[in-house]
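The values are calculated or read from the model by the stated rules, or taken from the named source; none is laboratory data. What you see is a predicted model; the values in this text were computed from it and never measured. A quick note on method: Cβ atoms are made from the backbone with ideal geometry, for glycine too, and the neighbour counts reach across all protein chains shown.
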Amino acid sequence: MAGEQAPEGNPYVTDPSTDFTPVSDLDESEAREQAETLREAIRYHDHRYYVDSDPAIPDRSYDALFARLQELERKFDLDRADSPTQRVGGDPVDELDTVEHVAPMLSIDQSGEAEEVRAFDERVREELGVKDLRYVCEPKFDGLSIEVVYEDGVYRRAATRGDGQTGDDVTEQVRTIPHVPERLRGEYPDFLAVRGEVYMPRAAFNEFNRERVERGEEPFANPRNAAAGTLRQLDPSVVAERPLAVFFFSVLDASVDFSTHVERNDCLPEWGLRVSEDSEVVESIEGAIAYRGRLLDRRDELDYEIDGAVLKVDRMDYCEQLGYTSRAPRWAFAYKFPARSEVTTVRDVVVQVGRTGRLTPVALLDPVDVGGVTVSRASLHNPEEIARLGVGVGDRVRVKRAGDVIPDVAEVVEDEAREHFAFPDTCPVCDSPVEREGPLAYCTGGLACPAQLEQAIQYYASREALDIEGLGEAGVEQLTETGLVESLADLYELAVEDLADLEGWGGRSAEKLVGEIQATTEPALADFLTALGIPEVGETTARALAGEFGSFEAIRNASEEELRAVEDVGPTVAAEIRGFFESERNREAIEALLAHVDPREAETSGGEELSGETFVFTGSLLDFTRSEAQTIIERHGGSATGSVSSNTDYLVVGDNPGQTKRNDAESEGVAMLSESEFLDLLSERGVDVDA
């Protein structure tokens, strides 16, 4: 076995804030040495972040290391295929080549019946002549299977499963996925071919689909389709921009031998290859059946799609004795989950209006149980999909769902409708004309359409934007229906007495909401950009724009050419941003907002006293606004986010705090600080709040 040295002594592992000597002062030898040290450190931090889920440094420190390496490679022509900087994606290819697998990537026998699983166990024990068998149990991932090959610890090749013998060469595409290391760690074998599953995490998939819809693109039906469609992109830079992840679960071939599957699987994370933490070892087939039951109960809690459990005989000598059929190993079996598609009747079709004006038809169904969840609504996506399906009220249709993805109508099983559904020519909410853009349809009413206004306010107040707690769907609907809010700017005109008079509101809840809204009058620039709902501009692009231009005025006056110079902003995004700010309707809405809101300029760092620590605020503060407190945190190396998670270190609780964040803090074990305790903490860390 070969191996790589641990990163002890590497200055960018132990002290990532080390000042860099200007590149112009380095000779080629010094640059080459520093570049290799940076590569080693970045690989280490990638492993901590993507495999161990335990980052050692804050994002800004990592970004500084990465940017420095890019600069060195560019200035001194030090590009290397195994450098972490290659994850941005290589040159596009004309087509995907076909390659032969190192070892066959076989299918697996499967069933959804427990008796079939027991019959598999009986056959195996009878052939081996043993009474008891130990099994390794793993989730059956619902993604795209790939083969990844390492030689001397260096990433060499990746291919899709294809027909099991050959697959598409996706080496450059897979190289962009952060969970796939360019170099193995520890005492790795000289040759290693592993099998993994590429997938798109559910949360990332939902966000990715939301952004596609906002851009006027057709959303993917489910995470598996999104992962498969992404990996087959001919341009690796497109793959690099999409949120793919990988679990590794099998060794196809290696220059070392293993006695059990457990031993082999334990080596994978030691080599830097990410594995699922949901695997178990059981001592009997009944234990394997129970494992599948526990996994089924947790199915919707997982951030990745699975469709069953895989059971493998643990001992490798037993596996060799059992051998293979032409299509599957005799020592493994998949115990499938119940189907997530059922047949039901369409009772009506309604058209919903989204924040961008997009019209989405939805089928109202006779309630039906699909994979343990009662489904009564399913998406029909767009007018072209309705025409393709030929669906109408009264039809018997097959409905499918996958995890948290909105169910959709897969096919018409029995055509019982008198006529197919006719898509409306006017908006069902405001009667404005409907315009078609490709397969999609849009209401032209803008914020004059109550449905679009409600969606815009909800997005403005969402956690991804300004995080105004207490301004949910029901509250927004009430505010717009009563005429209290007819624009985004009207939110800042709300008074406690206006709200207290509404049904279901009281003085305390009214004070809380008004306080939450007023706390956003000086938002972070990136949050404000996100909240505006500019097409193509999500959180990542908003942060890039804020970091590049520094002020809102600079961004809204920037030319397309200036916008295109920003990372994450291509020609399409730049055109959308420019068009958004040139719209007369948008200019009026923004000017009205700016009468109440003053987005604070992006701050430069004042130190790293709070490096690696994440703060969340709730309620109003006495000594400064919440925005000022967030600025102090960010200026000194910390992070100030809008919602509590397992990564949050402190929840700072001011006057009239929201209950949701406190509940989240209690469930996640996050420390809660009063304002005075927060100030004491800053003083202890040497942070001067008056600077």
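Within the range 410-462, can you find the residues that are of a type in the set (Asp, Glu), closer than 24 Å to residue 396 by Cβ and part of a loop (DSSP other than H, G, I, E, B)?
To start, the set of residues in the range 410-462 that are of a type in the set (Asp, Glu) comprises 411, 414-416, 419, 425, 431, 435, 437, 454.
Now drop any that are not closer than 24 Å to residue 396 by Cβ, which leaves 411, 414-416, 419.
If the condition is that a residue be of a type in the set (Asp, Glu), closer than 24 Å to residue 396 by Cβ and part of a loop (DSSP other than H, G, I, E, B), then 415, 416, 419 are the ones that fit.
Please go through the range 626-669 and give me each residue that is among the basic types (Lys, Arg), touching an Asp or Glu at 6+ places or on another chain (Cβ under 9 Å) and closer than 15 Å to residue 469 by Cβ, ordered by number. Talk me through it step by step, then tell me what you get.
Filtering the range 626-669 down to residues among the basic types (Lys, Arg) leaves 626, 635, 661-662.
Okay, now just the ones that are also touching an Asp or Glu at 6+ places or on another chain (Cβ under 9 Å), so 626, 635, 661.
Answer for the range 626-669, where residues must be among the basic types (Lys, Arg), touching an Asp or Glu at 6+ places or on another chain (Cβ under 9 Å) and closer than 15 Å to residue 469 by Cβ: 626, 661.
Would you be able to say whether some residue in the range 148-167 is modelled with pLDDT under 90, touching a helix residue (DSSP H, G or I) at 6+ places or on another chain (Cβ under 9 Å) and in the same structural domain as residue 306 (by TED's automatic domain parsing)? No, every residue in the range 148-167 fails to be modelled with pLDDT under 90, touching a helix residue (DSSP H, G or I) at 6+ places or on another chain (Cβ under 9 Å) and in the same structural domain as residue 306 (by TED's automatic domain parsing). Starting from residues that are at pLDDT 85 or above and of a type outside the set (Gly, Ala, Ser), keep the ones in the range 542-556 and report whichever is nearest to residue 460 (Cα to Cα). For the range 542-556, the residue satisfying everything is 552.
Quick one: which of 405, 409 is within 27 Å of residue 206 (Cα to Cα), at pLDDT below 85 and among the aliphatic types (A, V, I, L, M)?
405
Condition first: of a type in the set (Gly, Ala, Ser), more than 19 Å from residue 593 (Cβ to Cβ) and at pLDDT 85 or above. Can you find one or more residues in the range 453-474 that meet it? The answer is no; no qualifying residue exists.
Return the residues of the range 652-691 that are of a type in the set (A, V, I, L, M, F, W, C) and outside any helix (DSSP H, G or I); say none if nothing qualifies. Within the range 652-691, 652, 653, 670, 671, 672, 673, 687, 689, 691 meet the criteria. Listed conditions (1) buried (at least 16 other Cβ atoms within 10 Å of the Cβ); (2) out of contact with any strand residue (DSSP E or B) (no Cβ under 6 Å at 6 or more places or on another chain) are all met by residue 522, apart from (2). Is it the case that residue 167 is farther than 30 Å from residue 287 by Cβ and small (Gly, Ala, Ser)? Here the answer is yes, as residue 167 does meet what is asked. Checked against the criteria, residue 375 counts as buried (at least 20 other Cβ atoms within 10 Å of the Cβ) and either aliphatic (A, V, I, L, M) or farther than 24 Å from residue 212 by Cα (or both). For the range 496-506, the criterion of a residue being out of contact with any Leu (no Cβ under 7 Å at 6 or more places or on another chain), part of a loop (DSSP other than H, G, I, E, B) and buried (at least 17 other Cβ atoms within 10 Å of the Cβ) is satisfied by no position. Scanning the range 553-584 for residues being hydrophobic (A, V, I, L, M, F, W, C), touching an Asp or Glu at 6+ places or on another chain (Cβ under 8 Å) and surrounded by 14 or more Cβ atoms within 10 Å (Cβ to Cβ) gives a total of 5.
Matching residues to (1) modelled with pLDDT of 90 or more; (2) surrounded by fewer than 16 Cβ atoms within 10 Å (Cβ to Cβ):
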{"residue": "190", "(1), (2)": "yes, yes"}
{"residue": "221", "(1), (2)": "no, no"}
{"residue": "228", "(1), (2)": "no, no"}
{"residue": "232", "(1), (2)": "no, yes"}
{"residue": "235", "(1), (2)": "no, yes"}
{"residue": "254", "(1), (2)": "yes, no"}
{"residue": "266", "(1), (2)": "yes, yes"}
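Is there a residue being β-branched (Val, Ile, Thr) and surrounded by fewer than 18 Cβ atoms within 10 Å (Cβ to Cβ) anywhere in the range 446-467? Step through it out loud before you land on a result.
The initial filter retains those residues of the range 446-467 that are β-branched (Val, Ile, Thr), namely 457.
In the following step, the residues that additionally are surrounded by fewer than 18 Cβ atoms within 10 Å (Cβ to Cβ) were identified as none.
No, because not a single residue in the range 446-467 is β-branched (Val, Ile, Thr) and surrounded by fewer than 18 Cβ atoms within 10 Å (Cβ to Cβ).
When the residues of the range 301-339 are filtered to those that are charged (D, E, K, R) and touching a Cys at 6+ places or on another chain (Cβ under 9 Å), the one that is nearest to residue 401 (Cα to Cα) is 312. Between a first residue in the range 334-349 that is of a type in the set (Gly, Ala, Ser) and a second residue that is not in a strand (DSSP E or B), which pairs have beta carbons less than 8 Å apart while being 6 or more apart in sequence or on different chains? Going by the 8 Å Cβ cut-off, the qualifying pairs are 334/108; 334/109; 339/112; 339/371; 341/401.
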